[in-house]
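Everything below concerns the one structure shown next.
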Amino acid sequence: MNGGDGYHSYVKNSSYQRGILETSNAIIEEEIAKKLDISTSTFCIADFGCSTGSNSFPAMHTIIEAVKQKYESSDLKTPEFYVCFNDSVSNDFNTLFNSLPSDRSYEASTVPGDFHLRLLPPSSVHFAYSSWALQWLSEVPKAAEGLKSSIWSGGEGKEVYAAYLGQFERDMESFLKSRAVEMVKDGIVALLIPALPAYWDPQKEFTIGTLADLLRSSLLDMAKKGRLCKAKSETFNFPCYIPTSEELIPILQKNNSFSIERMEILKTRTLLTVDGHVAALRAVKQNILTHEFGDKIIDETFNLLKKKLQSSHAYANASNDRTIVVVVILKRNDV
Ligand SMILES: C[S@@+](CC[C@H](N)C(=O)[O-])C[C@H]1O[C@@H](n2cnc3c(N)ncnc32)[C@H](O)[C@@H]1O
């Protein structure tokens, strides 16, 4: 269970992430021009956690055009392109296929399944891409189950925080281990991972993490009003972890199969209003909440969240958002 379905309608109707995608696409173009060193007649790209395609299609276009240019400048024949779109089995792949760009220059296929596991044949992928998906964990960490605390709240939440960080580390390792088998030597990986700064002032600023905390606090308020089971709301946690860039770097360095070619930290600049934040969070979290608590509580919970955002100074100004995105370019070492 994850935030795929609602996310599609959300990104379709908003400019959320657009600026970041433009900047990260420029980084990918530069790195392909400088670092791509593969001569092949069929070039396979895989997008891990593609959702229903709205953001994936422009990214795939950017990658393919950059590879074409690189081949042309090296006097190589343009390869045939194949794109494997991956997401969880519950993703709406019909919508993805129905909205594939008609002018695309690639054959498309889908690979439903958990990207923490092996999904594609050995040495078959030349370029792997994953955007805003690796923050989703394979499960709520066992050590955090039943603990009455959320991850961002500090204090008694430290134990939960450590359990989440450990799970994120294990999941990143599984993701990279699987991709290491699937990728050809010198294959390139581009990852866009939402992240937190090492420090921010919660009185004046906010992040994607504090937003999730406020949603959790809205659930607790619902329990106080008798609208939810108290015990269930107290121990509920999302299978999601947003690392700091300081946490992310050693996790990436630990994997010996890939070298880190480039890492850039981008400000998200989503510039969302309170209504925008509520819509964004609802798009990615509603499915999980419905699954856990039923659909009758959804409107009321998000109305409580809206009130909390409206009464906080931090959310009064969109520029107080300190969420960052880490763009990482990796290269597959010797197989
Ligand atoms: C926030 S959306 C990002 C979609 C798109 N990549 C983008 O940049 O807009 C995260 C996507 O990752 C998918 N996802 C999360 N965990 C996954 C997993 N273990 N395996 C495959 N897909 C996963 C979700 O289903 C969802 O579609």
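The values are calculated or read from the model by the stated rules, or taken from the named source; none is laboratory data. None of these values were measured; they are calculated from a predicted model. Quick reminder, even Gly has a Cβ in these numbers, built from the backbone with ideal geometry, and neighbours come from all protein chains shown.
Quick check on segment 203-226. Is at least one of its residues at positive phi and not basic (K, R)? For segment 203-226, residues at positive phi and not basic (K, R): present.
Among the residues here, L134 qualifies as aliphatic (A, V, I, L, M) and surrounded by 20 or more Cβ atoms within 10 Å (Cβ to Cβ).
Collect the residues in segment 131-146 that are near the ligand (Cβ under 7 Å from one of its atoms) and in contact with a strand residue (DSSP E or B) (Cβ under 8 Å, 6 or more places away or on another chain), keeping them in residue-number order. Spell out how you get there, then give the answer.
Taking segment 131-146 as the starting set, the residues that turn out to be near the ligand (Cβ under 7 Å from one of its atoms) are 131-133, 136, 138.
Those that are near the ligand (Cβ under 7 Å from one of its atoms) and in contact with a strand residue (DSSP E or B) (Cβ under 8 Å, 6 or more places away or on another chain): S131, W132, A133, W136.
Give segment 94-118 a look and list any residue that's in a helix (DSSP H, G or I) and either touching a residue at least 40 places away in the same chain (Cβ under 8 Å) or near the ligand (Cβ under 9 Å from one of its atoms) (or both), or say none. Talk me through it step by step, then tell me what you get.
Residues of segment 94-118 in a helix (DSSP H, G or I): 94-98.
Once the filter is applied, which keeps residues that are in a helix (DSSP H, G or I) and either touching a residue at least 40 places away in the same chain (Cβ under 8 Å) or near the ligand (Cβ under 9 Å from one of its atoms) (or both), segment 94-118 yields T95, L96.
At least 2 residues being closer than 19 Å to K204 by Cα and among the charged types (D, E, K, R) is the threshold, and among the helices (runs of 4 or more DSSP H) wholly inside segment 244-335 those reaching it are 298-310.
For beta carbons closer than 6 Å, sequence separation of 6+ or different chains, a first residue in segment 162-182 that is farther than 13 Å from W136 by Cβ and a second that is surrounded by fewer than 17 Cβ atoms within 10 Å (Cβ to Cβ) and at pLDDT below 95, the qualifying pairs are A163/A143. For segment 169-206, the set of residues classified as of a type in the set (K, R) and touching a strand residue (DSSP E or B) at 6+ places or on another chain (Cβ under 8 Å) consists of R179, K185, listed by residue number. Flag not set for R104, criterion: under 24 Å from R170 (Cα atoms) and either out of contact with any Lys or Arg (no Cβ under 6 Å at 6 or more places or on another chain) or charged (D, E, K, R) (or both).
Report yes if some residue within segment 29-45 is within 16 Å of the ligand (Cβ to nearest atom), under 30 Å from E139 (Cα atoms), touching a strand residue (DSSP E or B) at 6+ places or on another chain (Cβ under 6 Å) and at pLDDT 95 or above; otherwise report no. It would help to see each step written out before you state the result.
Within segment 29-45, the first condition is being within 16 Å of the ligand (Cβ to nearest atom), and the residues that meet it are 45.
Narrowing further to those that are under 30 Å from E139 (Cα atoms): 45.
Adding the requirement that they be touching a strand residue (DSSP E or B) at 6+ places or on another chain (Cβ under 6 Å) leaves 45.
Right, trim to at pLDDT 95 or above and you get 45.
Yes.
Applying the condition of being small (G, A, S) and surrounded by 21 or more Cβ atoms within 10 Å (Cβ to Cβ) to segment 137-161 and asking which residue is modelled with the highest pLDDT yields A144. Among residues of segment 79-90 being farther than 22 Å from L176 by Cα and buried (at least 16 other Cβ atoms within 10 Å of the Cβ), the one that is nearest to the ligand (Cβ to nearest atom) is F81. Inside segment 306-335, can you point out the residues that are of a type outside the set (A, V, I, L, M, F, W, C), closer than 19 Å to S218 by Cα and out of contact with any strand residue (DSSP E or B) (no Cβ under 8 Å at 6 or more places or on another chain)? Those that are of a type outside the set (A, V, I, L, M, F, W, C), closer than 19 Å to S218 by Cα and out of contact with any strand residue (DSSP E or B) (no Cβ under 8 Å at 6 or more places or on another chain): K306, K307, K308, Q310, S311, H313. Of all residues assigned to segment 59-75, none qualifies as being part of a loop (DSSP other than H, G, I, E, B), in contact (Cβ under 8 Å) with a residue 40 or more places away in the chain and within 14 Å of the ligand (Cβ to nearest atom).
Among the conditions (1) surrounded by fewer than 19 Cβ atoms within 10 Å (Cβ to Cβ); (2) closer than 30 Å to I38 by Cβ, the only one that I298 does not satisfy is (2).
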